[in-house]
Amino acid sequence: MTPKKYTSKKYFAYEPDEMIMRDHLAFDRTMLANERTLLSYTRTFVMFTASGFTLIKLLPDLFFNFLGVALMGLALIVMLIGLKQFFKTRVRLLKIYKTGENSIT
């Protein structure tokens, strides 16, 4: 199995039928790790959003209202960073795998 050159010096592109089972499993593990990271970003987004709403609803002080809005803004930023990272990594992995699918069939 000789890898074909990819545009980046660090990565090689493999034809799926040239890969052995270990390579397919490594690809699947990497895809699952990428999805797990997205879930972590989503969990942080939900936590910041819930904290922001809680501060706004329970504490009527202007400072806490400002802090709640800031937390909700931060939650949106965290989610956008997570989505950007997820799709960036996913596209890179699928380019390496060369099939456009995310599982072995």
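The values are calculated or read from the model by the stated rules, or taken from the named source; none is laboratory data. Bear in mind the structure is a predicted one, so any value in this text is a computation, not a measurement. Please note: Cβ atoms are built from the backbone with ideal geometry, for glycine as well, and neighbour counts cover all protein chains shown.
Data table
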{"item": "Flag if residue 38 is of a type outside the set (Ser, Thr, Tyr), at pLDDT 95 or above, under 30 Å from residue 19 (Cα atoms) and in contact with a helix residue (DSSP H, G or I) (Cβ under 7 Å, 6 or more places away or on another chain)", "result": "yes"}
{"item": "Candidates 43, 92, filtered to the one that is among the basic types (Lys, Arg) and either more than 30 Å from residue 18 (Cβ to Cβ) or free of Cβ contacts under 8 Å to residues at least 60 places away in the same chain (or both)", "result": "43"}
{"item": "Residues within region 56-97 that are modelled with pLDDT under 90 and surrounded by 14 or more Cβ atoms within 10 Å (Cβ to Cβ), tallied", "result": "6"}
{"item": "Residues (modelled with pLDDT of 80 or more and closer than 15 Å to residue 95 by Cβ) located in region 11-32", "result": "27, 30, 31"}
